[in-house]
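Q: Attaching a single structure in structure tokens format; questions to follow.
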Amino acid sequence: MAMKKSTLFALLILATILLCSNSRTLHEYYISITSIDYNSQSKSLEITQQFITHDVEKAILKESKIDLNLAEPNEHPKADSLLFAYISYHLELSAKKNIELNWVGREVNLDESLWIYLQSEKIEKPESLTILNSCLTEVFKSQSNITHVNFGDKQQTQAFHQQKKTHTFKLK
């Protein structure tokens, strides 16, 4: 009886370890967060995006057959330009005309999060902002891109996914 309990306990511990180790590399949720803030001093849009690093790497690998290896010793030498090309294709902003976005930078944190920073050219505060946000939706069917648009003290939020990739925010 004592041997059965200890064997059962050992199997339970082993199963817990295996489940925990797999949860680091595989996850069931696919969410990104994008914040778009209008800076009235610089008259520009400041965009911050947060992703799971390996999700973006998988999308770029699928799209361009290039492995970025972000924050690794063998990181691709053109990682920033490849990230910017991917984001530019999957995130579009317009207010009467397309808004040009510029690369500011990126960070990869130990918790596997990838932060991307973009900024628009100088624009007057628009009355509406149309956004296409299809980041990662071509790779993950359940991908949801939560997008916050902040103009002054007013925040609006929209979830983008495979069925809804565009939305127009009324800002005034």
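Q: If we keep just the residues of region 146-160 that are surrounded by 18 or more Cβ atoms within 10 Å (Cβ to Cβ) and not aliphatic (A, V, I, L, M), which is nearest to the chain's Cα centre (by Cα)?
A: Keep residues of region 146-160 that are surrounded by 18 or more Cβ atoms within 10 Å (Cβ to Cβ), which gives 147, 149, 151, 160.
Those still in the list that are not aliphatic (A, V, I, L, M) too: 147, 151, 160.
Values: 147: 10, 151: 21, 160: 12 Å.
For region 146-160, the residue satisfying everything is 147.
Q: While we're here: Give me the pairs, please: first residue somewhere in region 158-169 and under 12 Å from residue 146 (Cβ atoms) and without any contact (Cβ under 8 Å) to a residue 40 or more places away in the chain, second residue anywhere and assigned to a strand (DSSP E or B) and of a type in the set (Gly, Ala, Ser), beta-carbon distance under 8 Å, and either six or more positions apart or on two chains.
A: 159/144; 160/144; 161/144
Q: Still on this structure, I have one more. Looking at region 93-145, which of its residues are in contact (Cβ under 8 Å) with a residue 24 or more places away in the chain, among the aromatic types (Phe, Trp, Tyr) and crowded, with 16+ Cβ neighbours inside 10 Å?
A: 140
Q: Got a number for residues in region 105-122 being of a type in the set (Ser, Thr, Tyr) and under 12 Å from the mean Cα position of the chain (by Cα)?
A: Filtering region 105-122 for residues of a type in the set (Ser, Thr, Tyr) gives 113, 117, 120.
Then drop every residue that is not under 12 Å from the mean Cα position of the chain (by Cα), which leaves 113, 117.
Total satisfying the criteria: 2.
Any read-out appearing in this document is the output of simple, stated calculations on the displayed coordinates, not a laboratory observation. Here the structure is a predicted model, which means the values were calculated and not measured. With ideal geometry, Cβ positions are generated from the backbone for all residues, glycine too; neighbour counts draw on all protein chains shown.
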